[in-house]
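Everything below concerns the one structure shown next.
Laboratory data are not the source of any read-out in this text; all were calculated from the coordinates shown. Computed from a predicted structure; not experimentally measured. Here the Cβ is made from the backbone with ideal geometry for all residues, glycine too, and neighbour counts use every protein chain on show.
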Protein chains: 2
Amino acid sequence: MSETNSVLIGKKPVMNYVLACITFFHGGAKEVNIKARGKAISRAIDVVEVVRRRFLPDVKVAKVNIGTDQISAKEKGSNGPTNVSTIEITLAR
Amino acid sequence: MSETNSVLIGKKPVMNYVLACITFFHGGAKEVNIKARGKAISRAIDVVEVVRRRFLPDVKVAKVNIGTDQISAKEKGSNGPTNVSTIEITLAR
């Protein structure tokens with residue numbers, strides 16, 4: 001666990017993130033962290049499923065953490081802090 | 001585990017599903033299953049977080065399963081079967 005290979009899921013196509021994960025694993029990583037928040041969470045699950053089912057069947061979902069981030073007023077607008085859900089999925093092989 | 005209290009997340013507002021979960025727990029349920037697929041997955045995470053943080057702090061995420069459903073051509077259009085990601089979150093207290 002000394003190395004942390006993280007892939008933060010945003011608005012790019014699923015395959016971009018899939019490729020990032022595969023690159024980590026091909027580089028010898030034993031674990032890859034996939035993080036997403038808000039609407040990108042669905043895409044994070046897609047990434048996990050494509051990696052596992054199409055490319056690296058020996059990779060397993062080791063851990064799934066669900067949480068909440070507070071977005072400050074500055075970041076979002078002027079309606080005060082907003083909550084956004086987050087997910088962190090650890091893939092391991 | 002004889003009873004299965006399931007809440008299937010769709011396109012309604014988050015609070016509708018939160019209320020469904022709370023109703024199960026107030027009715028004495030020890031576990032509630034939250035299921036979602038595709039873009040509703042983000043909403044499922046929102047539901048979990050609102051239930052845990054705002055209403056029932058003693059409820060924990062017991063299990064998270066990630067999977068894939070095949071949608072047949074009939075259901076979706078004529079491009080052959082499509083894959084859609086699914087999530088199943090078990091809340092317990």
Checklist entry - When DSSP beta bridges are limited to those with both residues in chain A, what percentage is antiparallel, rounded to the nearest 5? => result 85 percent
Item to check | At 7 Å out from Cα toward Cβ: residue A:19 inter-copy label distances (nm, ascending) | outcome: 4.6
Checklist entry - What share of the DSSP beta bridges in the protein assembly as shown is antiparallel, in percent to the nearest 5? => result 85 percent
Checklist outcome for this item: One computes Rg over Rh for segment B:3-92 from alpha-carbon atoms, with the Kirkwood Rh, and obtains 1.04
Checklist entry - Taking each residue of A:84-93 in turn, how many C-beta atoms of other protein chains fall within 10 Å of its C-beta, and what is the average? => result 2
Checklist outcome for this item: Per the helix-only model, the protein assembly as shown has a calculated mean residue ellipticity at 222 nm (DSSP H runs of ≥4, -39500 (n - 2.57) each, divided over all residues, rounded to the nearest 500) of -8500 deg cm²/dmol
Checklist outcome for this item: Ranked from fewest to most other Cβ atoms within 10 Å of their own Cβ, A:53, B:43 fall in the order A:53, B:43
Checklist entry - What is the minimum Cβ-to-axis distance for chain B, in whole Å, where the axis maps B onto A, and to which residue does it belong? => result B:64, 2
Checklist entry - If you put a point 7 Å past Cα along the Cβ direction, how far is that point for residue A:38 from the same point in each other copy, in nm, smallest first? => result 2.2
Checklist entry - Gain in length, residue A:92 to residue A:65, computed as 0.36 nm per residue apart minus the alpha-carbon separation, to one decimal in nm? => result 8.3 nm
Checklist outcome for this item: For residue B:58, the net charge from surrounding residues (Cβ-Cβ under 10 Å; K, R +1; D, E -1) works out to +3
Item to check | Partner chain coverage, peptide A:55-68 - average Cβ within 10 angstrom | outcome: 3
Checklist outcome for this item: The residues B:46, A:69, sorted from fewest to most surrounding Cβ atoms within 10 Å, come out as A:69, B:46
Checklist entry - Given charges of +1 on the Cβ of Lys and Arg and -1 on the Cβ of Asp and Glu, with all other atoms neutral, how large is the dipole of chain A about its Cα centre, in debye to the nearest 20? => result 220 debye
Checklist entry - What are the distances, in nm and sorted shortest first, from the label point of residue B:92 to the label points of the same position in each other copy, with each label point placed 7 Å from Cα along the Cα-to-Cβ direction? => result 2.0
Next on the checklist: Helix A:40-50 against the longest principal axis of chain A: what's the angle in degrees, Cα atoms only, rounded to the nearest 10?
Outcome noted: 10 degrees
